[in-house]
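Each remark here refers to the structure printed beneath this line.
The values are calculated or read from the model by the stated rules, or taken from the named source; none is laboratory data. Because the structure is a prediction, the values reported are computed rather than measured. For neighbour counting, all protein chains shown are included, and Cβ atoms are generated from backbone atoms with ideal geometry for every residue, glycine included.
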Amino acid sequence: MLMRLSDRVALVTGAAGGIGRAVALCFAAEGAVVICSDINDSGCSETLDLLERAGGKGCALQADVMHEEEIELLYRQIADRLGKIDCVVNIAGGDCEPAADVEDIDYARMSANLDLNLKSCILSCKEAARVMKRQGFGRIVNMSSLVYRGSPNQFSYAAAKGGIYAFTRSLAMSLGRYGITVNALAPALVEVPAFVKALGAERWEMLRKDCAGRYPLGRVATPDDVARCALFLASDDAAFITGQIIEISGGARL
């Protein structure tokens, strides 16, 4: 059976989390050699173990994407080990200032949101572009969120995710002539274990039911829903798609 990512090298940041893990497993199942990276070393190793037990190939490299020097080291290690990077999926992120009223915006948490979600993506793409321009080929998939449209209580997070949208479009304009596509994912609510645990079972179930009732498809997203969209954008099936933000939303906010 023909695999869509055969012989390609793919970096997945945030690979210890629910979405990052799903992307890593999905890409490995389609033939990619997957570099799993995360600040959570044990979680990243667990993702690699799952990947290898399923017959996939890859390695795990710890990196804190909130620090430029660690991003640079990550890309140097990949170059030394594998010599190329065909796909980069920038999943690492999270909301450091959830449910804050505008009067309660905190400078440190706001800065953390920008560092973790926006700056890390820009810096990763910067390093990816160095490699991919030399290759004359590349696929970059960034993680935005449906809140890039705006959110009444996620100000700095929404701003960071909106910044990823603008940056993705700008980068697509710049790198297209080198055979590099750049796109972004914008999921609505995704059922990831860490979020469910943070909310608690009762609050999560209330939120899930509320959102599912408002989404035309009648359910919230799974990590695999996001992973399959990332796979499409990283594959040759999306060779003529660039500068787009794909909403994985079940029809939310139509």
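Out of curiosity, is ARG21 farther than 26 Å from LYS119 by Cβ, among the charged types (D, E, K, R) and surrounded by 20 or more Cβ atoms within 10 Å (Cβ to Cβ)?
no
Here's a check for you: in segment 153-194, which residue that is of a type in the set (S, T, N, Q) and outside any helix (DSSP H, G or I) is farthest from the chain's Cα centre (by Cα)?
ASN153
Here is a yes/no grid of residues against (1) free of Cβ contacts under 8 Å to residues at least 12 places away in the same chain; (2) on the phi > 0 side of the Ramachandran plot; (3) surrounded by 17 or more Cβ atoms within 10 Å (Cβ to Cβ):
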site	(1), (2), (3)
ALA54	no, no, no
HIS67	yes, no, no
LYS84	no, no, no
ASP95	no, no, yes
ALA108	yes, no, no
CYS125	no, no, yes
GLN135	no, no, no
ARG139	no, no, yes
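So, LYS197, is that one without any contact (Cβ under 8 Å) to a residue 24 or more places away in the chain, among the charged types (D, E, K, R) and under 20 Å from ILE71 (Cβ atoms) or not?
no
For residues in segment 85-116 being polar (S, T, N, Q) and out of contact with any Leu (no Cβ under 9 Å at 6 or more places or on another chain), which is nearest to VAL65 (Cα to Cα)?
ASN113
Consider ALA166 against the criteria (1) in contact (Cβ under 8 Å) with a residue 24 or more places away in the chain; (2) under 20 Å from LEU123 (Cα atoms): it satisfies all of them except one. Which criterion is unmet?
Here ALA166 meets the rest and fails (1).
Answer with yes or no whether VAL147 is among the hydrophobic types (A, V, I, L, M, F, W, C) and crowded, with 17+ Cβ neighbours inside 10 Å.
Judged against the criteria, VAL147 is a match.
So is ASN113 touching a Phe, Trp or Tyr at 6+ places or on another chain (Cβ under 6 Å) and either among the charged types (D, E, K, R) or modelled with pLDDT of 95 or more (or both) or not?
yes
Count, please, the residues in segment 32-56 that happen to be over 13 Å from ARG21 (Cβ atoms) and in contact with a Leu (Cβ under 8 Å, 6 or more places away or on another chain).
So the answer is 3.
So the check is Cβ under 6 Å with 6+ separation or different chains; which pairs have a first residue in segment 1-28 that's on the phi > 0 side of the Ramachandran plot and a second one that's of a type in the set (A, V, I, L, M, F, W, C)?
Final answer for the pair search is GLY14/ILE91; GLY14/ALA92.
How many residues, within segment 195-234, are part of a helix (DSSP H, G or I), hydrophobic (A, V, I, L, M, F, W, C) and surrounded by fewer than 14 Cβ atoms within 10 Å (Cβ to Cβ)?
3
May I ask you to verify whether LYS119 is out of contact with any Leu (no Cβ under 7 Å at 6 or more places or on another chain) and surrounded by fewer than 16 Cβ atoms within 10 Å (Cβ to Cβ)?
For LYS119, the condition - out of contact with any Leu (no Cβ under 7 Å at 6 or more places or on another chain) and surrounded by fewer than 16 Cβ atoms within 10 Å (Cβ to Cβ) - is not met.
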